[in-house]
Amino acid sequence: MKTLNDFNFENKKALIRVDFNVPLNNDFEVTDDTRINSAKPTIIKILEDGGSCILMSHLGRPKGEQSEFSLQHIVKKVEEIIGVEVKFIGNCVGGEAETAAANLQPGQILLLENLRFHEEEKQGGETFAKQLSKLGDIYVNDAFGTAHRAHASTTVVAKFFPENKCFGKLLAKEIESIDKVMQTGEKPVTAILGGAKVSSKITIIDNILDKIDHLIIGGGMTFTFIKAQGGQIGDSLVEDDKLELAATILEKAKAKNVSVHLPVDAIIADTFSNDAHTNTSKVDAIPEGWMGLDIGPHTEALFAKVIEDSKTILWNGPLGVFEMPNFAKGTISLGHAIANATENGAFSLVGGGDSVAAVKQFGFEDKVSYVSTGGGAMLESLEGKTLPGIAAILN
Ligand code: AMP
């Protein structure tokens, strides 16, 4: 696996695919600069080597050239974060971009205009990728968030740098973290899967059963498993067409010696609302007219025990409707348990969508080992897929 450390960038122009797809407010100000900060170590290393950086990214989903999606809006923010002046060019390919890249001096940064102003980016156009490749000497991919897309700048462009291509620091860290859980994790390895539906997590479960010792299940998908075992789930979320599948998963887990931990109690509500009347119920005896929206106190304690005994932890998906404060307690208590285990030496990876939002919202970001920056890319990695952006550097 080639990383930045395999290259000396002195007098070299690094063509870096970053993920600067940041949220903007109505005044086109960056409202969350996490992704820019995440790319900083890569940029700094190259500049410190005596190289220059040509940054390319997409922003939003423009249809052709739309000024509201211009990367010009983020120039000031990038300058502020990196601490170096950022030159901006209003296209990512063509004569102007080539001249700007050619004139770039060591220590300088050039930001190209939104890649997705060209349809060829998403189509993985080879001619377009070749045009991009003319801008730099070494291709660096540091955009985990788009590594699952076979786009021109994330995948196709790599073929024009057969020897001179590598992962940036962020992407390398993402790959290492996934490997630590899926390949080299110290046992016991525990995966916590929550979220709404079983159907969206099936491929993940199938892939990870060979790699884990404990599977904790929470969130809305709990109830499909409970109903599959004959429990009464009232009006809780359920996928009736997945009952057999849920039963099969439990059998498979047993055959592979994976201990499955399902909730034993639930916080139930009479409507899907933060203001609903609530009660605590056994998870398999929920009355009609009530639905389970969070795990109950016995489950919190049960899950915490499993987690605190684990050496490697993967968390994907909230354990309840954490967006509503009255049903966030289970997810918060899980965060505490993972933070404690991490403090005691476990490796913990939080990845994929809503669990990342929960970790940030409840202040656990710095208390777990790693929080993945890529939603879809993380999910596909957990499903066991080889991401095209990663394969393009490895090949
Ligand atoms: P996912 O994208 O599959 O990870 O699902 C995340 C969503 O699952 C969040 O919006 C949660 O509110 C929702 N969720 C978690 N627990 C429950 C539950 N018991 N009933 C309904 N939705 C839930």
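The table below lists the values:
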{"quantity": "Subset of region 48-95 [open to solvent by less than 50 Å² (accessible area, probe 1.4 Å), farther than 20 Å from L115 by Cβ and within 27 Å of the chain's Cα centre (by Cα)]", "calculated": "E79, I81"}
{"quantity": "Residues within region 226-244 that are within 16 Å of the ligand (Cβ to nearest atom), assigned to a helix (DSSP H, G or I) and either closer than 12 Å to G292 by Cβ or out of contact with any helix residue (DSSP H, G or I) (no Cβ under 7 Å at 6 or more places or on another chain) (or both), tallied", "calculated": "3"}
{"quantity": "In region 198-213, the residues that are under 18 Å from the mean Cα position of the chain (by Cα) and either of a type in the set (D, E, K, R) or not assigned by TED's automatic domain parsing to the domain that holds K256 (or both)", "calculated": "K201"}
{"quantity": "Hey, E300 of a type in the set (D, E, K, R) and in contact with a His (Cβ under 6 Å, 6 or more places away or on another chain) or not", "calculated": "no"}
{"quantity": "Matching residues in region 368-383 - criterion: being assigned to a loop (DSSP other than H, G, I, E, B), modelled with pLDDT of 90 or more and either farther than 13 Å from I175 by Cβ or not polar (S, T, N, Q) (or both)", "calculated": "V368, S369, E383"}
{"quantity": "Boolean, E186 is away from the ligand (no atom under 16 Å from the Cβ) and either in a strand (DSSP E or B) or in contact (Cβ under 8 Å) with a residue 24 or more places away in the chain (or both)", "calculated": "yes"}
{"quantity": "Counted residues, region 365-395 - those being touching a residue at least 24 places away in the same chain (Cβ under 8 Å), under 17 Å from T331 (Cβ atoms) and among the hydrophobic types (A, V, I, L, M, F, W, C)", "calculated": "1"}
{"quantity": "In region 189-225, residue farthest from the ligand (Cβ to nearest atom) [restricted to those that are among the polar types (S, T, N, Q) and in a loop (DSSP other than H, G, I, E, B)]", "calculated": "S199"}
{"quantity": "Exclusive hit being farther than 13 Å from A147 by Cα and not assigned by TED's automatic domain parsing to the domain that holds K159, set A337, A377", "calculated": "A337"}
{"quantity": "Residue ID - nearest to the ligand (Cβ to nearest atom), chosen from residues in region 351-373 that are of a type in the set (S, T, N, Q) and closer than 23 Å to I204 by Cα", "calculated": "S355"}
{"quantity": "Selected residue [free of Cβ contacts under 8 Å to residues at least 40 places away in the same chain, over 29 Å from A39 (Cα atoms) and in a loop (DSSP other than H, G, I, E, B)] from T271, T280", "calculated": "T271"}
{"quantity": "Selected residue (only one of L302, L349, L319 is of a type in the set (A, V, I, L, M), open to solvent by 50 Å² or more (accessible area, probe 1.4 Å) and either touching a strand residue (DSSP E or B) at 6+ places or on another chain (Cβ under 7 Å) or under 18 Å from S177 (Cα atoms) (or both))", "calculated": "L302"}
{"quantity": "Region 109-159: number of residues that are closer than 16 Å to K2 by Cα and open to solvent by 10 Å² or more (accessible area, probe 1.4 Å)", "calculated": "3"}
{"quantity": "Qualifying residue in region 322-334 (condition: within 13 Å of the ligand (Cβ to nearest atom) and at pLDDT below 95)", "calculated": "no"}
{"quantity": "Pair list, Cβ < 6 Å and 6+ apart or interchain, from region 108-134 residues that are on the phi > 0 side of the Ramachandran plot to residues that are assigned to a helix (DSSP H, G or I)", "calculated": "G124/V156"}
{"quantity": "Pair list, Cβ under 6 Å, 6 or more apart: region 351-364 residue closer than 10 Å to I332 by Cβ, other residue within 9 Å of the ligand (Cβ to nearest atom) and assigned to a helix (DSSP H, G or I)", "calculated": "A358/T331"}
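The values are calculated or read from the model by the stated rules, or taken from the named source; none is laboratory data. Note that the structure is predicted; figures quoted are calculated from it, not measured. Here Cβ is always computed from backbone atoms with ideal geometry, including for glycine, and neighbour counts include all displayed protein chains. Side chains included, ligands, DNA and RNA excluded: accessible areas come from the protein's heavy atoms. Shrake-Rupley method; radii C 1.70, N 1.55, O 1.52, S 1.80 Å.
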